[in-house]
Amino acid sequence: MANTVIIGAQWGDEGKGKIVDMLSARSQVIVRFQGGNNAGHTIKVGNEETILHLVPSGILHPGALCLVGNGVVLDPEVFLRETEELAARGVDVSPGRLAISKKAHLILPYHKSLDKAREAKRAGHKIGTTGRGIGPCYEDKAARVGLRAGDLADPDLVRAKVRHALLEKNVLLRELYKFEALDPDAVSDGLLALAPRLLPYVQDTDARLHAAMEAGADVLFEGAQGIHLDIDHGTYPFVTSSNTVAGNAAAGSAVAPSALERVVGVIKAYTTRVGSGPFPTELLDDAGSYLRTNGHEFGATTGRPRRCGWFDAVVARESVRLNGITDLALTKLDVLQNLPVLRICVAYELDGKTLDYLPQEEGALGRVTPVYEEVPGFEEDISGCRDFAELPDTVRAYVERLEELTGARMSFISVGPGREQTIER
Ligand code: GDP
Ligand code: IMO
Ligand code: MG
């Protein structure tokens with residue numbers, strides 16, 4: 001298999017975990033390149049469900065090398081907890097096959113406090129962040145005051161950086177947000193106490209990745225969140241704080257753009273979104289509740305109910321264009337069973353004009369009216385289908401219509417959460 005970037009083509013939770021796990025069987029290296037534990041990637045093998053927040057979704061394949069790239073923001077406690085839980089279940093999480101880039105930035109307690117404090121203060125216009133400190137950590141990276149995983153080897157550097165960071169942040173926390181200030185020594189002590197367990201994982205992942213590629217390995221670059229949560233191209237300001245687009249797989253894992261050979265966009269057969277922000281095809285009626293219940297649409301990270309709506313081909317087209325998607329993996333098609341009619345948004349109307357692409361002015365997407373096309377629904381249980389030809393005519397017609405509208409081929413069709421519940425074309 002060629003080096004492949006896997007990204008979410010909507011607003012996250014498209015089923016990236018399942019697709020990465022599936023394609024990991026054909027890859028030797030899996031790299032996370034952005035985001036942090038705002039992600040929740042679910043893998044179902046048999047009756048066992050695994051939700052990963054930081055560890056790459058290839059970890060369940062014993063031979064695969066799993067790397068946390070420089071573009072990730074890493075919460076040390078969450079990483080250690082996740083590896084311990086995996087180890088307790090017999091998964092090999094030794095530093096021989098799981099490593100963190102020395103250049104990855106660390107999420108510290110003050111990032112989480114600031115994330116929560118800001119959201120609390122935002123009252124009527126919350127972003128609805130996961131509260132994991134993602135935004136404040138990326139802010140410090142850009143402000144050049146962040147701590148990186150490699151710093152853990154130098155306690156004096158850790159203490160100096162934490163002290164420096166808290167000079168400013170404690171003023172904000174105490175004076176502006178009326179939150180508790182943090183003691184620099186306590187923060188440094190807490191972090192340095194974790195260092196002995198973390199440091200074996202902290203490696204020159206660039207060297208490991210390049211050595212593997214030179215030896216002929218195929219690499220999977222595992223995206224988190226979704227394209228419409230991208231800091232530049234998403235529904236700003238209701239976005240996450242990293243570039244989620246496929247292009248960032250290169251910068252976020254230290255490979256050349258020319259190493260990215262194939263881009264798989266994971267896309268649900270309908271749409272969901274967690275947190276605030278515009279969502280043109282959102283359903284606030286029984287059909288929306290049906291999708292939420294039937295699709296178990298509750299956040300894998302925060303447990304929040306996900307907002308649900310119809311498939312939006314405008315959103316999908318934009319993702320295809322921004323990422324050079326070579327293949328789409330359509331997920332959760334089974335969830336649409338028993339809806340009498342399926343609606344597909346093919347365009348938007350805004351101020352008397354018809355739009356094929358998302359408007360770029362802030363707030364405009366919140367004012368569009370979706371233009372829908374209706375196709376018949378299906379009643380058959382498709383969760384056992386393993387071949388495209390086995391799908392009922394109505395289902396095949398729906399998939400083919402989505403291909404026409406998005407301009408990309410649905411090379412994978414997922415009809416259930418299980419590893420084997422996939423049609424490959
Ligand atoms: P990710 O963040 O993109 O990895 O997606 P999540 O794991 O947050 O959410 C996807 C959910 O859908 C998980 O609970 C998966 O087990 C489940 N899932 C994935 N593919 C399918 C599918 O084809 N059908 C059904 N019914 N569930 C699926
Ligand atoms: P996976 O990888 C869905 C959303 C949050 C919020 C916005 C900003 O599982 O698809 P943040 O904590 O990142 O500052 O929150 O982004 N968000 C996600 N929504 N899936 C995710 O990850 C998400 N990660 C962040 O709900 O609206
Ligand atoms: Mg998720």
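The values are calculated or read from the model by the stated rules, or taken from the named source; none is laboratory data. Remember, predicted model here, so these are calculated numbers, not experimental data. Glycine also receives a Cβ, built like all others from the backbone with ideal geometry; neighbour counts cover every protein chain displayed.
Among the residues in the range 280-297, are any in contact (Cβ under 8 Å) with a residue 60 or more places away in the chain, closer than 27 Å to Arg386 by Cα and surrounded by fewer than 21 Cβ atoms within 10 Å (Cβ to Cβ)?
No; the residues of the range 280-297 include none that is in contact (Cβ under 8 Å) with a residue 60 or more places away in the chain, closer than 27 Å to Arg386 by Cα and surrounded by fewer than 21 Cβ atoms within 10 Å (Cβ to Cβ).
Can you confirm whether the range 312-330 contains a residue that is within 16 Å of ligand 1 (Cβ to nearest atom), over 30 Å from Val31 (Cβ atoms) and out of contact with any helix residue (DSSP H, G or I) (no Cβ under 8 Å at 6 or more places or on another chain)?
Within the range 312-330, none of the residues are within 16 Å of ligand 1 (Cβ to nearest atom), over 30 Å from Val31 (Cβ atoms) and out of contact with any helix residue (DSSP H, G or I) (no Cβ under 8 Å at 6 or more places or on another chain).
Filter the range 230-257 down to the residues that are in contact with a strand residue (DSSP E or B) (Cβ under 8 Å, 6 or more places away or on another chain) and not small (Gly, Ala, Ser), then identify the one that is nearest to Ala316 (Cα to Cα).
Checked the range 230-257; the qualifying residue nearest to Ala316 (Cα to Cα) is Val245.
When the residues of the range 130-166 are filtered to those that are of a type in the set (Val, Ile, Thr) and part of a helix (DSSP H, G or I), which remaining residue is nearest to the chain's Cα centre (by Cα)?
Ile134
Quick check on the range 4-43: of everything there that is of a type outside the set (Val, Ile, Thr) and over 28 Å from Ala313 (Cβ atoms), which residue is nearest to ligand 3 (Cβ to nearest atom)?
It comes out as Asn37.
Kindly provide the set of residues from the range 302-315 that are in contact (Cβ under 8 Å) with a residue 40 or more places away in the chain, within 14 Å of ligand 3 (Cβ to nearest atom) and closer than 22 Å to Gly416 by Cβ, ordered by number.
Arg306
Quick check: is even one residue across the range 306-318 in a loop (DSSP other than H, G, I, E, B) and surrounded by fewer than 18 Cβ atoms within 10 Å (Cβ to Cβ)?
no
Say whether the condition of being within 16 Å of ligand 1 (Cβ to nearest atom) and in a helix (DSSP H, G or I) is met by at least one residue in the range 106-119.
no
I need the full set of residues from the range 167-192 which are among the hydrophobic types (A, V, I, L, M, F, W, C), at pLDDT 95 or above and not in a helix (DSSP H, G or I), in order please.
The answer is Ala181, Leu182.
What residue, of Gly63, Gly58, is small (Gly, Ala, Ser), surrounded by fewer than 24 Cβ atoms within 10 Å (Cβ to Cβ) and either at pLDDT below 95 or under 18 Å from the mean Cα position of the chain (by Cα) (or both)?
Gly63
(1) more than 24 Å from Gly8 (Cβ to Cβ); (2) touching a residue at least 24 places away in the same chain (Cβ under 8 Å): which one isn't true of Ala389, the others all being true?
(2)
Are any of the residues in the range 218-232 farther than 29 Å from Gln28 by Cα, out of contact with any Asp or Glu (no Cβ under 9 Å at 6 or more places or on another chain) and either at pLDDT 95 or above or within 16 Å of ligand 1 (Cβ to nearest atom) (or both)?
yes
Within the range 107-116, is there a residue that is buried (at least 19 other Cβ atoms within 10 Å of the Cβ) and either modelled with pLDDT under 95 or more than 24 Å from Ala195 (Cβ to Cβ) (or both)?
no
For the range 288-303, check the following and say yes or no: at least one residue is away from ligand 1 (no atom under 15 Å from the Cβ), among the small types (Gly, Ala, Ser) and in a loop (DSSP other than H, G, I, E, B).
No, because not a single residue in the range 288-303 is away from ligand 1 (no atom under 15 Å from the Cβ), among the small types (Gly, Ala, Ser) and in a loop (DSSP other than H, G, I, E, B).
Every residue in the range 272-287 that is away from ligand 3 (no atom under 16 Å from the Cβ) and not in a loop (DSSP other than H, G, I, E, B), please.
Glu282, Asp286, Ala287, listed by residue number.
Being within 17 Å of the chain's Cα centre (by Cα) and either buried (at least 21 other Cβ atoms within 10 Å of the Cβ) or at pLDDT 95 or above (or both) is the requirement here; does Ala256 meet it?
No: the conditions fail for Ala256.
Of all the residues that make up the range 210-247, how many are surrounded by 24 or more Cβ atoms within 10 Å (Cβ to Cβ), of a type in the set (A, V, I, L, M) and within 14 Å of ligand 2 (Cβ to nearest atom)?
Within the range 210-247, residues that are surrounded by 24 or more Cβ atoms within 10 Å (Cβ to Cβ), of a type in the set (A, V, I, L, M) and within 14 Å of ligand 2 (Cβ to nearest atom) number 3.
May I ask you to list the residues in the range 194-209 that are of a type in the set (A, V, I, L, M, F, W, C), out of contact with any helix residue (DSSP H, G or I) (no Cβ under 9 Å at 6 or more places or on another chain) and surrounded by 15 or more Cβ atoms within 10 Å (Cβ to Cβ)?
Leu209
Out of all the residues in the range 227-248, is one or more in contact with a Ser or Thr (Cβ under 9 Å, 6 or more places away or on another chain) and on the phi > 0 side of the Ramachandran plot?
No: zero hits.
For the range 13-23, state whether one or more residues are within 15 Å of Ala224 (Cβ to Cβ), in contact with a helix residue (DSSP H, G or I) (Cβ under 6 Å, 6 or more places away or on another chain) and crowded, with 24+ Cβ neighbours inside 10 Å.
No, the range 13-23 contains no residue that is within 15 Å of Ala224 (Cβ to Cβ), in contact with a helix residue (DSSP H, G or I) (Cβ under 6 Å, 6 or more places away or on another chain) and crowded, with 24+ Cβ neighbours inside 10 Å.
Can you find a residue in the range 107-126 that is polar (S, T, N, Q) and within 30 Å of Arg419 (Cα to Cα)?
So far as the range 107-126 goes, no, none of its residues is polar (S, T, N, Q) and within 30 Å of Arg419 (Cα to Cα).
Looking for whichever is more than 13 Å from ligand 3 (Cβ to nearest atom) and surrounded by fewer than 21 Cβ atoms within 10 Å (Cβ to Cβ) here; the options are Ala250, Ala269. Which one fits?
Every option except Ala250 fails the conditions.
Please go through the range 206-237 and give me each residue that is in a helix (DSSP H, G or I) and over 21 Å from the mean Cα position of the chain (by Cα), ordered by number.
Asp206, Ala207, Arg208, Leu209, His210, Ala211, Ala212, Met213, Glu214
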